[in-house]
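Structure first, then comments.
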Amino acid sequence: MKKNILAALLLSTVAFSSFAQELPKPTVRQLEWQQLETTAFIHFTVNTFTGKEWGDGTESPSIFDPVDFDARAMIRTLKETGFEMAIITAKHHDGFCLWPSAYTEHSVKNSPWRNGKGDMVKEIEEACREYGVKFGFYLSPWDRHNPAYGTPAYNAYYKNQLKELLTNYGEVAEVWFDGAKGENAKDMQYDFDGYWQMVRELQPGAVMFSDVGPDVRWVGNETGNAGETCWSTINVTAENAPGKMSPSYLNIGDPEGALWLPAETDVSIRPGWFYHEEEDSKVKTGPELVELYYKSVGRNSLLLLNIPPNKRGVFSEIDKQSLYEFRSILNETFRENFATEKINKTLTDKELSSYVTLKTGKPYVLDFKKSISFDRVALQENIAEGQRNAEALLEYWDGKSWKELSRFTTIGHKRLFRLPLVSTTKVRVTVQKAKLPVQLSEVGFYKASAKEEQGI
Ligand code: FUL
C-alpha cells in the first residue's frame with residue numbers, strides 16, 4: 001500500500017477517534033457486506049482443462065471449451081442454497097480472460113466456446129441479476145501471460161481491464177485483489193492506490209478485498225477458519241501490501257486496530273480452487289460445510305465458499321448435493337428462535353439498531369419464564385457502533401445456581417455457540433471486558449438439525 005492512501009486512511013480514523021472515544025466503525029458498504037454472511041466464489045479458467053491450480057500463461061485458448069456452460073443453472077443453485085453474492089475469476093494468474101477484453105487476445109474470443117463470440121463474465125452477471133444475487137469479480141494482479149508484466153506498463157494494462165469490468169457489467173458488489181505472486185514476479189510494483197481509486201470512482205458501492213483492504217481483509221488461511229477471537233479492526237503499516245501481512249494477525253485482527261477491515265473467509269468446497277475430476281471424492285459434505293459456517297460466520301466473519309464449475313461448465317452433482325444439504329441443515333437449525341416473544345423484543349426483532357446495553361461486570365438475565373431446550377446460541381452486537389465485547393461469560397440457571405455454558409471473547413456481527421443440549425428457564429450474559437458498553441442487538445436459542453450430527 002502506498003503511503004499517501006495509508007496516511008489518509010489513518011488520519012481520518014485518528015481524527016475521528018479523538019472525539020469522545022469514538023471507535024472505528026463500518027462504512028455503509030462494509031455493514032451491508034457483512035450481513036450477506038454466505039457468498040460464493042466461482043473459479044474457472046484454462047486450469048479446469050489442464051488439471052493445474054496455477055496456469056503458467058502458455059495455455060492455448062483453444063483448450064477452453066465448456067460445452068454445456070450454464071451460468072443460469074449455477075447462479076440458480078447458489079440462490080436456492082442461500083448464497084447472496086457470486087464472485088467470478090474474470091482473470092486468474094494464467095492471464096486468460098473470461099471476457100473478450102479489448103486489450104489482449106488471450107481470452108474467450110480465441111476459444112471454441114460460443115465460437116469465440118461469448119462473454120462469460122456477462123453471462124454470470126446477467127444470471128446474477130435474474131436471480132437477485134450480487135455480482136463481483138476477481139481480477140488477478142499477478143499475470144503470467146502478459147509480456148508487460150514486471151514493468152510499469154503492466155499497471156496501465158491492468159487498469160484498462162479493470163475499467164472494462166467496472167463499466168460494462170452493471171453494479172459490482174465486490175472486487176477481489178489477490179495477493180498471490182510467484183517467485184519470478186517479485187519486482188512488479190502494483191499500483192494498488194490507482195486500482196482502488198478507480199473502483200471507488202466507478203463503483204462506489206463495491207467493497208474491495210485484499211490482505212489490507214481497503215474494505216475487507218483476508219482471514220489469513222484458506223481452510224475456512226476465522227479466529228476464535230476475531231476483531232473487525234486491525235492496523236496496517238506503510239510497509240504492508242497484499243501478500244505481506246502476517247496470516248495470524250489477519251486471522252484474529254486487533255482490538256487496538258485503527259481501521260475497520262472485517263475478515264472474509266475464503267475456502268473451497270474441494271481441495272483445490274479449480275475443478276479436478278480426481279478430487280470428486282473429496283468434495284466437502286453438507287455437515288462439513290456447516291462446520292465451516294460456524295467457524296466463519298459464527299466467528300464474526302463472512303463465508304466466501306468456492307464452487308468450481310467442471311469441464312462442461314456447470315457445477316457437478318456432488319458439489320450441488322453438498323450445497324443443498326448445507327442449506328437444509330442451516331434452515332432447519334435456525335428456523336425457530338425459542339426466545340422469540342419470551343424476552344425483550346429488541347433482542348429478537350432482527351434489527352441491528354435496536355439493542356440492550358450491557359455494562360462490564362453486570363450480568364444481564366434473559367428470563368424465558370418457562371423452560372426452553374437448545375444446543376445452539378447466537379449473539380450479535382450492533383457493529384454499526386463499533387465492535388466492543390472482548391471477554392464475556394454465558395451461563396444458564398439449573399434451578400439452583402448459575403452454570404457456565406461458555407467463556408468467550410469477541411462477538412462482533414455474530415457469534416455462534418455449539419453447546420450440549422440444555423433445558424432452562426434463564427440464561428445470563430456477563431461482559432467481563434469491553435472497549436465500551438456492549439450493544440447487544442440480537443440473541444437466538446436454537447436446536448441443531450439432526451442432519452448435522454448424523455452427517456447426512
Ligand atoms: C490465491 C490464489 O493463488 C488461488 O489460486 C485462489 O485464487 C485463491 C482464492 O487465492 O491467492
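Anything in the stretch 91-124 that is of a type in the set (D, E, K, R) and more than 18 Å from Asp178 (Cβ to Cβ)? List them, or say none.
Let us first name the residues in the stretch 91-124 that are of a type in the set (D, E, K, R), namely 91, 94, 105, 109, 114, 117, 119, 122-123.
Correct list: Glu105, Lys109, Arg114, Lys117, Asp119, Lys122, Glu123.
Scanning for something closer than 19 Å to Gln34 by Cα, out of contact with any helix residue (DSSP H, G or I) (no Cβ under 6 Å at 6 or more places or on another chain) and among the small types (Gly, Ala, Ser), does the stretch 388-411 turn up at least one residue? No: the stretch 388-411 contains no residue that is closer than 19 Å to Gln34 by Cα, out of contact with any helix residue (DSSP H, G or I) (no Cβ under 6 Å at 6 or more places or on another chain) and among the small types (Gly, Ala, Ser). How many residues does the stretch 295-341 contain that are assigned to a helix (DSSP H, G or I) and of a type outside the set (Ser, Thr, Tyr)? Number of matching residues: 14. Looking across Thr223, Thr167, one residue alone is within 18 Å of Phe135 (Cα to Cα) and out of contact with any Cys (no Cβ under 6 Å at 6 or more places or on another chain). It is Thr167. Checking each residue in the stretch 322-354 for being buried (at least 19 other Cβ atoms within 10 Å of the Cβ) and without any contact (Cβ under 8 Å) to a residue 60 or more places away in the chain picks out only Ser322. Only strands (runs of 3 or more DSSP E) whose full extent lies in the stretch 342-431 are considered here, and the ones with at least 3 residues that are under 22 Å from Gly298 (Cβ atoms) are 364-381, 389-397, 402-408. Here is the figure for the stretch 168-184: residues that are surrounded by fewer than 19 Cβ atoms within 10 Å (Cβ to Cβ) and within 14 Å of Pro100 (Cα to Cα) total 1. The residue of the stretch 38-69 that is farthest from the ligand (Cβ to nearest atom), among those that are surrounded by fewer than 19 Cβ atoms within 10 Å (Cβ to Cβ) and under 30 Å from Ser301 (Cα atoms), is Lys52.
Output the number of the condition that Leu292 fails; it satisfies all remaining conditions of (1) touching a His at 6+ places or on another chain (Cβ under 7 Å); (2) away from the ligand (no atom under 13 Å from the Cβ). The single condition Leu292 does not satisfy is (1).
Return the residues of the stretch 119-145 that are part of a loop (DSSP other than H, G, I, E, B) and either surrounded by fewer than 19 Cβ atoms within 10 Å (Cβ to Cβ) or within 16 Å of the ligand (Cβ to nearest atom) (or both); say none if nothing qualifies.
To start, the set of residues in the stretch 119-145 that are part of a loop (DSSP other than H, G, I, E, B) comprises 119, 132-133, 140-145.
Residues satisfying the conditions are Gly132, Ser140, Pro141, Trp142, Asp143, Arg144, His145.
Only one of the numbered conditions (1) in contact (Cβ under 8 Å) with a residue 24 or more places away in the chain; (2) within 15 Å of the ligand (Cβ to nearest atom) is violated by Glu183, and that is (1). Counting the residues of the stretch 281-310 that are surrounded by 24 or more Cβ atoms within 10 Å (Cβ to Cβ) and without any contact (Cβ under 8 Å) to a residue 12 or more places away in the chain gives 0. Within the stretch 265-284, being of a type in the set (Gly, Ala, Ser) and more than 14 Å from the ligand (Cβ to nearest atom) holds for one residue alone: Ser281. Looking across Val236, Val199, Val207, one residue alone is more than 15 Å from the ligand (Cβ to nearest atom), outside the structural domain of Lys433 (by TED's automatic domain parsing) and farther than 25 Å from Lys134 by Cα. It is Val236. Only one entry in Pro262, Pro287, Pro255 is away from the ligand (no atom under 13 Å from the Cβ) and touching a Phe, Trp or Tyr at 6+ places or on another chain (Cβ under 6 Å), namely Pro255.
The values are calculated or read from the model by the stated rules, or taken from the named source; none is laboratory data. Predicted model, so just to flag it, every value in this text is computed and none were measured. We place every Cβ from the backbone using ideal geometry, glycine too, and count neighbours over all the protein chains shown.
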